[in-house]
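To start, the structure itself, in structure tokens.
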Amino acid sequence: MTVLLDGKKLATTVRSKLKERTATLRAKGIIPRLVVIMVGDNSASAVYVRNKKRAATEVGIEAVDLHLPGTTSQDELLALIDQYNQDPKVHGILVQLPLPQQIDEKVVTQAISPLKDVDGFHPMNVGQLFMGTPQAFPCTPRGIMELLAAYDIEVAGKNVVIMGRSNIVGRPMAALMVNHDATVTITHSKTQNLAAITRQADILVVAIGRGEFVTKDFVKPGAVVVDVGMNHNAEGKLVGDVKRDDMLDHASYLTPVPGGVGPMTIAMLMQQTVEFAERS
Ligand SMILES: Nc1nc2c(c(=O)[nH]1)N[C@@H](CN(C=O)c1ccc(C(=O)N[C@@H](CCC(=O)O)C(=O)O)cc1)CN2
């Protein structure tokens, strides 16, 4: 039987623990504050930002939600980030990705103070993560580690194969897994004999942005499968990168889409904001 890793339920538990921590902070006169900046009108991003705001309010974080027009220039965005970098009342800043094409994601990522970088995307934080001395974590990989730990899924000594090399998921996921003593392989669009490699995985993390691409043929029986994908199929239904029906009674564990990794991403964002406020 395949066990579904219930990220929605675990995220609820995480948020309820965070409520106690924000209450302690507030009793000391510290209001945890998160600035969420979205540029343009990407409909998926709007949903994620709304969910972030809702989660923040629930746990006692004050969320400042800024929706800028799609025509915003890079300089305008950088000036805004600088303003919040200087503001001691703000503990976390994030810019929702993707950004419109006139704005360079790398420049924006580097503009956010590493001390307020709740997404863990700043090169300084990425470097610390890869050196095994993390100060901040990208939220999706951190959420995945929490989800595996909650189900007592050991990663030390395991063969972990990560499909996808993005800065948001694939690369930081590899660093986190190495930090937890896993043996890690990253695959990508140029990888040869892909299925032969993914079939070696004890734990397969899939973040490729291709709906239902991963079938039974890619997965060793009994493997743990983590699906980070978020795609809409021909009928408009939300599906992962993994063909769910193929995994049932084939994988030992599977993260569902929706309700697996996604809610944990937002819960980890809240956790990191609280951690930053506690450090202030
Ligand atoms: N600045 C950032 N931008 C982006 C990030 C990020 O971590 N930081 N990650 C993704 C989007 N993302 C968070 O921002 C995100 C995606 C999905 C979910 C989620 O909860 N998904 C639900 C389904 C939602 C739906 O119905 O559409 C689920 O899986 O259950 C949360 C966060 C890219 N940009």
Any hit, the range 11-32, residues being of a type in the set (Asp, Glu) and out of contact with any strand residue (DSSP E or B) (no Cβ under 9 Å at 6 or more places or on another chain): yes
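Scanning for something among the β-branched types (Val, Ile, Thr) and within 12 Å of the ligand (Cβ to nearest atom), does the range 154-168 turn up at least one residue?
Filtering the range 154-168 down to residues among the β-branched types (Val, Ile, Thr) leaves 155, 160-162, 168.
With within 12 Å of the ligand (Cβ to nearest atom) added as a condition, the list becomes 168.
Yes: one or more hits.
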Spans of strands (runs of 3 or more DSSP E) in the range 137-232 with at least 2 residues at pLDDT 95 or above and farther than 16 Å from THR255 by Cα: 183-187
Condition met for LYS9 (outside the structural domain of VAL257 (by TED's automatic domain parsing) and loosely packed, with under 13 Cβ neighbours inside 10 Å): yes
Those strands (runs of 3 or more DSSP E) lying entirely in the range 29-119 with at least 2 residues closer than 23 Å to GLY143 by Cα and near the ligand (Cβ under 10 Å from one of its atoms): 33-39, 92-95
Count of residues meeting criterion [within 16 Å of the ligand (Cβ to nearest atom), of a type outside the set (A, V, I, L, M, F, W, C) and either touching a strand residue (DSSP E or B) at 6+ places or on another chain (Cβ under 7 Å) or part of a helix (DSSP H, G or I) (or both)] in the range 1-10: 3
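Specify which of the listed residues (ALA175, ALA201, ALA182, ALA223) is surrounded by 15 or more Cβ atoms within 10 Å (Cβ to Cβ) and within 16 Å of the ligand (Cβ to nearest atom). Outline the logic, then answer.
Working: ALA201 fails: within 16 Å of the ligand (Cβ to nearest atom); ALA182 fails: within 16 Å of the ligand (Cβ to nearest atom); ALA223 fails: within 16 Å of the ligand (Cβ to nearest atom).
Matching residue, one of ALA175, ALA201, ALA182, ALA223: ALA175.
The values are calculated or read from the model by the stated rules, or taken from the named source; none is laboratory data. Everything quoted here is computed from the prediction, not taken from an experiment. Backbone-built Cβ (ideal geometry, glycine too); neighbour counts: all protein chains shown.
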